């Protein structure tokens, strides 16, 4: 089970073109989003570590997004 609230995930999905979505699909989307955030956090922490910092900064998130997307823009 995801830690992200299903209501928030459903709101995001509905605001971005999803007309209707089942409760189980919302749960699966929340789990997928949480997995992505875990990867983003790990990659951001790695970036901060390479810069010899413990604090994740904007540039770490940006670098992690680029690394996780294979260079594609979001």
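Here, each number is a calculation from the coordinates, and none is a lab measurement. Model, not experiment: these values are computed from the prediction. Methodologically, a virtual Cβ is constructed for each residue, glycine included, from the backbone with ideal geometry; neighbour enumeration extends over all protein chains shown.
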In segment 1-26, anything surrounded by 13 or more Cβ atoms within 10 Å (Cβ to Cβ), part of a loop (DSSP other than H, G, I, E, B) and within 16 Å of the chain's Cα centre (by Cα) is listed as 2, 4
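Here is a yes/no grid of residues against (1) more than 11 Å from the chain's Cα centre (by Cα); (2) in a loop (DSSP other than H, G, I, E, B); (3) over 25 Å from residue 2 (Cα atoms):
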residue: 28; (1), (2), (3): yes, no, no
residue: 36; (1), (2), (3): no, no, no
residue: 39; (1), (2), (3): no, no, no
residue: 48; (1), (2), (3): yes, no, yes
residue: 56; (1), (2), (3): yes, yes, no
residue: 60; (1), (2), (3): yes, no, no
residue: 68; (1), (2), (3): no, no, no
residue: 72; (1), (2), (3): yes, yes, yes
